[in-house]
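*Asks:* Quick one: the structure is below, and I'll ask about it shortly.
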Number of protein chains: 2
Amino acid sequence: MRAITVLPGLAGSVRLDERPTPNPAEGAILVRTLLLGVCGTDAEIVSGYYGAAPPGAERLVLGHESLGEVVEAPPDSGFVQGDHIVGVVRRPDPVPCPACAAGEWDMCRNGLYTEHGIKELDGFGAEYFRVAPEAAVKVEPSLGDLGVLIEPASIVAKAWDHMERIGARAKVWQPRRLLVSGAGPIGFLAALMGRQRGLDVHVFDRNRDGPKPDLIRGLGATPHHDIDDAVALAPDLWVECTGAPAVIAKAFTATAPAGILCLLGVSAPMRVEIDLGALNRDLVLGNRVVFGAVNANRDHYLSAAAALAQADRDWLVGLITRRVPLRHFAAAFRREADDIKVVIDFRK
Amino acid sequence: MRAITVLPGLAGSVRLDERPTPNPAEGAILVRTLLLGVCGTDAEIVSGYYGAAPPGAERLVLGHESLGEVVEAPPDSGFVQGDHIVGVVRRPDPVPCPACAAGEWDMCRNGLYTEHGIKELDGFGAEYFRVAPEAAVKVEPSLGDLGVLIEPASIVAKAWDHMERIGARAKVWQPRRLLVSGAGPIGFLAALMGRQRGLDVHVFDRNRDGPKPDLIRGLGATPHHDIDDAVALAPDLWVECTGAPAVIAKAFTATAPAGILCLLGVSAPMRVEIDLGALNRDLVLGNRVVFGAVNANRDHYLSAAAALAQADRDWLVGLITRRVPLRHFAAAFRREADDIKVVIDFRK
């Protein structure tokens, strides 16, 4: 079978390899890949900045945003041939930390987890992959290709889960206004889930052109292109998806009193000068929270699937802006203007 | 009666004034002041950096860390003559925000609260003050003078309340190690409550001399004098009480994965250069939380009183390092080496 592989740490090493179909020891369910989503983490791995091959292997099979069709599954697995599924990315170490042992591997304490397509575990970017039943999430058939959005949506579902739990530190917590910075797939999905909660949603993105402003409006949300206009909104919740230090520096203390800033964007090192005294004071006197969230556990995949199932299908379709056939896979890693979610089609 | 007053905004304006005893309209309970604690906020007000007089008044009666004895109370108030009480500092606006309306004025959303001795409401630094029964907290008689620690302890009780609620965003949350930076009254009380929860407690303070290291050890905690030694502990919880940007810059990402940094220290503006890209990345990939907490609601005063009642009295006595008779009140605002909590004695 064909698989997209990379030599971790070496930029430009991504290629299509011929690999044997996976061994049943890798999981009882055999899955034929339909679509593979590409995200910023894949771009980092392809650029040689991130990623680790499985122990003993040189190359890593790339890909963690999956959508596949079950080819074979054990009778008692809860899955049957033809089911659409998504693979769970992070897996606990055989000797799990207390969080991983409880299925909360997204909050792993000792860093010994593995991640398909990222860290020491081959990814889903192959024509076939195998997963254990507990690491597979069933996709509602009516979602069709949109099931490939479940993995990125799981990240956002976790962010909402934690924002709501952190918000509940106050007995009275009635957030009204959400600001999302960065209109990429994660930002759009955060805005979607904010609208699903009845919030007044605003999205900051520098780009005035392309499909993004209309997609924001299509959600009943308001686009902003000037960060200072966004800051002036004093949102109760801010989901930060740009990873841009210039935006983050403003976001820390721009929420309303008791407000929550959720950081989801991963950034490169960048030294900047900020007034840390004033920042600390504003966090303290405003009872403000800043937190980071990464990855997702099985519950988050399930709420992500539910959130997508409730969303407008036409709007969701607009998030997938480019489909690249497997043979042209390399084009998926080249960023184009107006890209939101780019997917690699394994059926072509 | 004598009252310590200040002209907000004017350094050096603090003085002893003669004032009429308070009007019953200010609260049904008449209280004779026993002790008044002095803290960093008082020092800021005395220095002219903070504080606001009541509407229509020029001067503000200072003081918010109270301990008093009930002189008269209505029969149905729950208080009788001779009861020791502490006054609640923050009061909601007559038209309260939803948080204030629910008694959670410490999480006020619109900033219209008032604060005794700080913001638009005379303080407890007078020979008599009046409070409404709902703004008075009864002190267990056996605590004696240590009741003056209830107000600062209420700030710490809130911090613990919020740390525990935020910790519970994870299904599995078993913090083991606490680091406290800054061995002032707030830091010591945070360490005390950490020990009461069975944690491995470490306290960072630059001072190697004076009574602090022994007080830290007396709690069964470990003193540290080098911030990098403290950072290397990778605590699950960090309570930051120095307000020093150099400490805060390190604290943001020094907690263990899923760790929580609680900011309690108020700092002056100070521009510093930090790697905000790396900071953001570490918050995201480590699921870390940073939050500020200020003030306390009635529930926090009650848990503060309970925590002090359970603590070793001899150890607590060591926190009150200086007692200044009212006639020498000005000495209480001059910082001396080895000061922890300085109190003004209104009986002398």
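The values are calculated or read from the model by the stated rules, or taken from the named source; none is laboratory data. Just so we're clear, the structure is a prediction, and the values are computed from it rather than from any experiment. We place every Cβ from the backbone using ideal geometry, glycine too, and count neighbours over all the protein chains shown. Remember, those area values only see protein heavy atoms, side chains included, never the ligands or the DNA or RNA. Shrake-Rupley method; radii C 1.70, N 1.55, O 1.52, S 1.80 Å.
*Asks:* Just to be sure, is A:Tyr113 in the same structural domain as A:Leu35 (by TED's automatic domain parsing), touching a residue at least 60 places away in the same chain (Cβ under 8 Å) and of a type in the set (Phe, Trp, Tyr)?
*Replies:* Judged against the criteria, A:Tyr113 is not a match.
*Asks:* Can you name the residue in region B:33-85 that is among the β-branched types (Val, Ile, Thr) and under 25 Å from the mean Cα position of the chain (by Cα) and, of all such residues, is farthest from B:Pro185 (Cα to Cα)? Outline the logic, then answer.
*Replies:* To start, the set of residues in region B:33-85 that are among the β-branched types (Val, Ile, Thr) comprises B:33, B:38, B:41, B:45-46, B:61, B:70-71, B:80, B:85.
If we keep only those that are under 25 Å from the mean Cα position of the chain (by Cα) as well, we get B:33, B:38, B:41, B:45-46, B:61, B:70, B:85.
Numbers: B:Thr33: 21, B:Val38: 10, B:Thr41: 13, B:Ile45: 19, B:Val46: 19, B:Val61: 23, B:Val70: 26, B:Ile85: 20 Å.
The qualifying residue farthest from B:Pro185 (Cα to Cα) is B:Val70.
*Asks:* Out of the residues in region A:81-107 that are assigned to a loop (DSSP other than H, G, I, E, B), facing chain B (nearest Cβ under 9 Å) and without any contact (Cβ under 8 Å) to a residue 60 or more places away in the chain, state the one that is farthest from B:Lys171 (Cα to Cα).
*Replies:* Taking region A:81-107 as the starting set, the residues that turn out to be assigned to a loop (DSSP other than H, G, I, E, B) are A:81-83, A:88-89, A:92-97, A:102-104.
Narrowing further to those that are facing chain B (nearest Cβ under 9 Å): A:97, A:102-104.
Of the ones still in play, those that are also without any contact (Cβ under 8 Å) to a residue 60 or more places away in the chain are A:97, A:102.
Values: A:Cys97: 13, A:Ala102: 8 Å.
It comes out as A:Cys97.
*Asks:* Still on this structure: Looking at region A:94-122 only, could you name the residues that are over 20 Å from the mean Cα position of the chain (by Cα) and more than 23 Å from A:His162 (Cβ to Cβ)?
*Replies:* A:Pro94, A:Val95
*Asks:* Does B:Asp229 satisfy the criteria of being acidic (Asp, Glu) and over 23 Å from the mean Cα position of the chain (by Cα)?
*Replies:* Yes.
*Asks:* Being of a type in the set (Phe, Trp, Tyr), crowded, with 18+ Cβ neighbours inside 10 Å and over 28 Å from B:Asp282 (Cα atoms) is the requirement here; does A:Phe252 meet it? Reasoning before the result, please.
*Replies:* Working: of a type in the set (Phe, Trp, Tyr): yes; crowded, with 18+ Cβ neighbours inside 10 Å: yes; over 28 Å from B:Asp282 (Cα atoms): no.
Here the answer is no, as A:Phe252 does not meet what is asked.
*Asks:* Could you list, in sequence order, the residues of region A:195-204 that are open to solvent by 20 Å² or more (accessible area, probe 1.4 Å) and in contact with a strand residue (DSSP E or B) (Cβ under 9 Å, 6 or more places away or on another chain)?
*Replies:* First pass over region A:195-204, keeping only residues open to solvent by 20 Å² or more (accessible area, probe 1.4 Å): A:195-198, A:200.
Listed by number, the residues that qualify are A:Arg195, A:Arg197, A:Asp200.
*Asks:* Could you please find all residues in region B:152-194 being among the basic types (Lys, Arg) and open to solvent by 30 Å² or more (accessible area, probe 1.4 Å)?
*Replies:* So the first thing to find is which residues in region B:152-194 are among the basic types (Lys, Arg), and the list is B:158, B:165, B:169, B:171, B:176-177.
The answer is B:Arg165, B:Lys171, B:Arg176, B:Arg177.
*Asks:* Separate question: Considering only region B:111-128, I want to know if a residue exists there that is more than 20 Å from B:Ile4 (Cβ to Cβ), of a type outside the set (Phe, Trp, Tyr), open to solvent by 50 Å² or more (accessible area, probe 1.4 Å) and away from chain A (no Cβ under 14 Å).
*Replies:* In the first step, residues of region B:111-128 are kept if they are more than 20 Å from B:Ile4 (Cβ to Cβ); the result is B:111-113.
From the residues that got through so far, the ones that are of a type outside the set (Phe, Trp, Tyr) too are B:111-112.
Right, trim to open to solvent by 50 Å² or more (accessible area, probe 1.4 Å) and you get B:112.
Now drop any that are not away from chain A (no Cβ under 14 Å), which leaves none.
For region B:111-128, residues more than 20 Å from B:Ile4 (Cβ to Cβ), of a type outside the set (Phe, Trp, Tyr), open to solvent by 50 Å² or more (accessible area, probe 1.4 Å) and away from chain A (no Cβ under 14 Å): absent.
*Asks:* I'd like to verify a number: residues in region B:174-185 that are within 24 Å of A:Asn110 (Cα to Cα) and in a helix (DSSP H, G or I), how many? Reasoning before the result, please.
*Replies:* Narrowing region B:174-185 to residues within 24 Å of A:Asn110 (Cα to Cα): B:174-180.
Still in the running and in a helix (DSSP H, G or I): none.
Here the count works out to 0.
*Asks:* From the residues in region B:40-50 that are open to solvent by 30 Å² or more (accessible area, probe 1.4 Å) and assigned to a loop (DSSP other than H, G, I, E, B), which one is farthest from B:Leu264 (Cα to Cα)?
*Replies:* B:Ser47
*Asks:* Tell me, yes or no, whether region A:316-323 has at least one residue that is among the β-branched types (Val, Ile, Thr), more than 7 Å from chain B (Cβ to nearest Cβ) and touching a strand residue (DSSP E or B) at 6+ places or on another chain (Cβ under 9 Å). Full working, then the answer.
*Replies:* From region A:316-323, those among the β-branched types (Val, Ile, Thr) are A:317, A:320-321; that's our starting set.
This time we only want the ones that are more than 7 Å from chain B (Cβ to nearest Cβ), so: A:317, A:320-321.
Cutting the leftovers down to touching a strand residue (DSSP E or B) at 6+ places or on another chain (Cβ under 9 Å) gives us A:320-321.
Yes, there is a match, as at least one residue in region A:316-323 is among the β-branched types (Val, Ile, Thr), more than 7 Å from chain B (Cβ to nearest Cβ) and touching a strand residue (DSSP E or B) at 6+ places or on another chain (Cβ under 9 Å).
*Asks:* Anything in region B:266-294 that is open to solvent by 10 Å² or more (accessible area, probe 1.4 Å) and farther than 14 Å from A:Gly292 by Cα? List them, or say none.
*Replies:* From region B:266-294, those open to solvent by 10 Å² or more (accessible area, probe 1.4 Å) are B:266, B:268-275, B:278-279, B:281-282, B:285, B:288, B:294; that's our starting set.
The answer is B:Val266, B:Ala268, B:Pro269, B:Met270, B:Arg271, B:Val272, B:Glu273, B:Ile274, B:Asp275, B:Val294.
*Asks:* Could you check region A:108-142 and list, in sequence order, the residues that are touching a Lys or Arg at 6+ places or on another chain (Cβ under 8 Å) and assigned to a loop (DSSP other than H, G, I, E, B)?
*Replies:* Within region A:108-142, A:Cys108, A:Tyr113, A:Glu127 meet the criteria.
*Asks:* Hey, does region B:15-24 have a residue that's under 21 Å from B:Val294 (Cβ atoms) and either in contact with a strand residue (DSSP E or B) (Cβ under 7 Å, 6 or more places away or on another chain) or among the aliphatic types (A, V, I, L, M) (or both)? Give the steps one after another, and end with the answer.
*Replies:* Of region B:15-24, the ones under 21 Å from B:Val294 (Cβ atoms) are none.
No: region B:15-24 contains no residue that is under 21 Å from B:Val294 (Cβ atoms) and either in contact with a strand residue (DSSP E or B) (Cβ under 7 Å, 6 or more places away or on another chain) or among the aliphatic types (A, V, I, L, M) (or both).
*Asks:* If a residue must be buried (at least 24 other Cβ atoms within 10 Å of the Cβ) and assigned to a loop (DSSP other than H, G, I, E, B), how many such residues does region A:58-73 contain? I'd like the intermediate steps shown before the answer.
*Replies:* Within region A:58-73, the subset buried (at least 24 other Cβ atoms within 10 Å of the Cβ) is A:60, A:62-68.
From what is left, the residues that are assigned to a loop (DSSP other than H, G, I, E, B) are A:62-64.
Matching residues across region A:58-73 total 3.
*Asks:* Same structure again: Any residue in region B:15-34 that is under 21 Å from B:Val266 (Cβ atoms), at pLDDT 95 or above and not in a helix (DSSP H, G or I)?
*Replies:* Filtering region B:15-34 down to residues under 21 Å from B:Val266 (Cβ atoms) leaves none.
No: zero hits.
*Asks:* Please enumerate the residues belonging to region A:248-288 that are facing chain B (nearest Cβ under 8 Å) and within 22 Å of the chain's Cα centre (by Cα).
*Replies:* Correct list: A:Ile248, A:Leu263, A:Leu264, A:Gly265, A:Val266, A:Ser267, A:Ala268, A:Pro269.
*Asks:* Just checking, which of A:Ala304, A:Ala258 is closer than 30 Å to B:Ile118 by Cα, crowded, with 21+ Cβ neighbours inside 10 Å and at pLDDT 95 or above? Walk me through it before giving the result.
*Replies:* Values: A:Ala304 fails: closer than 30 Å to B:Ile118 by Cα.
Answer to the selection: A:Ala258.
*Asks:* Moving on to the next point. For region A:166-203, which residues satisfy the criterion of being within 14 Å of chain B (Cβ to nearest Cβ) and over 20 Å from the mean Cα position of the chain (by Cα)?
*Replies:* Selection gives A:Ile166, A:Gly167, A:Ala168, A:Arg169, A:Ala170, A:Lys171, A:Val172, A:Trp173, A:Gln174, A:Pro175, A:Arg176, A:Arg177.
*Asks:* Identify all residues within region B:301-319 that are part of a helix (DSSP H, G or I) and farther than 15 Å from B:Gly147 by Cβ; write none if there are none. Can you show your working first?
*Replies:* Going residue by residue through region B:301-319, those that are part of a helix (DSSP H, G or I) are B:301-310, B:313-317.
Residues satisfying the conditions are B:Asp314, B:Trp315.
*Asks:* Somewhere in region B:132-147, is a residue polar (S, T, N, Q), open to solvent by 20 Å² or more (accessible area, probe 1.4 Å) and touching a residue at least 60 places away in the same chain (Cβ under 8 Å)? Explain how you work it out, then say what you get.
*Replies:* First, the residues of region B:132-147 that are polar (S, T, N, Q): B:142.
Restricting the remaining residues to those that are open to solvent by 20 Å² or more (accessible area, probe 1.4 Å) gives B:142.
Add one more test, that the residue is touching a residue at least 60 places away in the same chain (Cβ under 8 Å), and what stays is B:142.
Checked against the condition, which is being polar (S, T, N, Q), open to solvent by 20 Å² or more (accessible area, probe 1.4 Å) and touching a residue at least 60 places away in the same chain (Cβ under 8 Å), region B:132-147 yields at least one hit.
*Asks:* Okay, moving on. How many residues are closer than 21 Å to A:Gly198 by Cα and among the hydroxyl-bearing types (Ser, Thr, Tyr) when one looks only at region A:302-331?
*Replies:* Residues in region A:302-331 being closer than 21 Å to A:Gly198 by Cα and among the hydroxyl-bearing types (Ser, Thr, Tyr): 1 in total.
*Asks:* Continuing with the same structure: Does region B:255-287 hold any residues that are under 26 Å from B:Glu164 (Cα atoms), in a loop (DSSP other than H, G, I, E, B) and either of a type in the set (A, V, I, L, M, F, W, C) or not assigned by TED's automatic domain parsing to the domain that holds B:Val172 (or both), and which are they?
*Replies:* Taking region B:255-287 first, the residues under 26 Å from B:Glu164 (Cα atoms) are B:255-267, B:279-287.
Narrowing further to those that are in a loop (DSSP other than H, G, I, E, B): B:255-259, B:264-267, B:286-287.
Across region B:255-287, the qualifying residues are B:Ala256, B:Ala258, B:Leu264, B:Val266.
*Asks:* What residue, of B:Arg322, B:Arg347, is closer than 20 Å to B:Ile150 by Cα, charged (D, E, K, R) and in a strand (DSSP E or B)?
*Replies:* Values: B:Arg347 fails: in a strand (DSSP E or B).
The conditions single out B:Arg322.
*Asks:* Any chance you could count how many residues in region B:221-233 are exposed (fewer than 13 other Cβ atoms within 10 Å of the Cβ) and of a type in the set (Gly, Ala, Ser)?
*Replies:* Number satisfying all stated conditions: 1.
*Asks:* Considering region B:220-247 alone, what residues qualify as being within 13 Å of another protein chain (Cβ to nearest Cβ) and on the phi > 0 side of the Ramachandran plot?
*Replies:* Once the filter is applied, which keeps residues that are within 13 Å of another protein chain (Cβ to nearest Cβ) and on the phi > 0 side of the Ramachandran plot, region B:220-247 yields B:Ala234, B:Gly243.
*Asks:* Additional query: Of (1) open to solvent by 40 Å² or more (accessible area, probe 1.4 Å); (2) under 20 Å from B:Glu151 (Cβ atoms); (3) in contact with a helix residue (DSSP H, G or I) (Cβ under 8 Å, 6 or more places away or on another chain), B:Ala11 satisfies all except one. Which?
*Replies:* Among (1) open to solvent by 40 Å² or more (accessible area, probe 1.4 Å); (2) under 20 Å from B:Glu151 (Cβ atoms); (3) in contact with a helix residue (DSSP H, G or I) (Cβ under 8 Å, 6 or more places away or on another chain), B:Ala11 violates only (2).
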